[in-house]
1. Relative to the longest principal axis of the chain, what angle (0 to 90°, nearest 10) does the C-alpha long axis of helix 51-61 take?
2. Within 10 Å of each residue's Cβ, count the other Cβ atoms and sort 61, 19 from fewest upward.
3. Once you've got the GNM for the chain with C-alpha springs shorter than 10 Å, pick whichever of 26, 48, 80 has the biggest mean-square fluctuation.
4. Counting other beta carbons within 10 Å of each residue's own, what order do 7, 68 fall into, fewest first?
5. Once every DSSP H run of n ≥ 4 in the chain is given -39500 (n - 2.57) and the sum is divided by its residues, what mean residue ellipticity at 222 nm do you get, rounded to the nearest 500 deg cm²/dmol?
6. Just to be sure I understand the model, the point goes 7 Å from the Cα along the line to the Cβ. What's the resulting residue 62 to residue 78 distance in nm?
7. Over the chain, what is the relative contact order in whole percent, taking alpha-carbon pairs under 8 Å and six or more residues apart?
8. Stretched out fully, how many nm does the piece from residue 25 to residue 7 gain, at 0.36 nm a residue minus the Cα gap?
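Values in this text are rule-based calculations from the coordinates and carry no lab data. As the structure is a computational prediction, the values presented were derived from the model and not from experiment. Neighbour counts are summed over all protein chains in view; Cβ atoms, including those assigned to glycine, are modelled from backbone coordinates with ideal geometry.
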């Protein structure tokens, strides 16, 4: 369950990067989701998107290339997490 939350937080953090990589202009995206362009720019800078705003943006910009890029970012973030041998888990579980 925590992975879902972690993935959401990582996506929220990377929305500006995804928007930039998508090639869409801020003004176009703002118009499409019904937001004033200055508000869109501020949200893009601060990264304080609502889940609904993120969904609307992703519906427009989503592509296989962007999805691959996001998965790469997730992989990089996970590479910083500690790794434990399976033997340690087995011992802790008493198997």
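1. That helix lies at roughly 70 degrees to the long axis.
2. 61, 19
3. 80
4. Listing 7, 68 from fewest to most nearby Cβ atoms yields 68, 7.
5. Working: 6 runs with 73 residues, N = 95.
Helix-only estimate at 222 nm: -24000 deg cm²/dmol.
6. 2.0
7. The normalised contact order for the chain reaches 33 percent.
8. Numbers: separation 18, 0.36 × 18 = 6.48 nm, distance 2.53 nm.
Stretched out fully, the residue 25 to residue 7 stretch lengthens by 3.9 nm.
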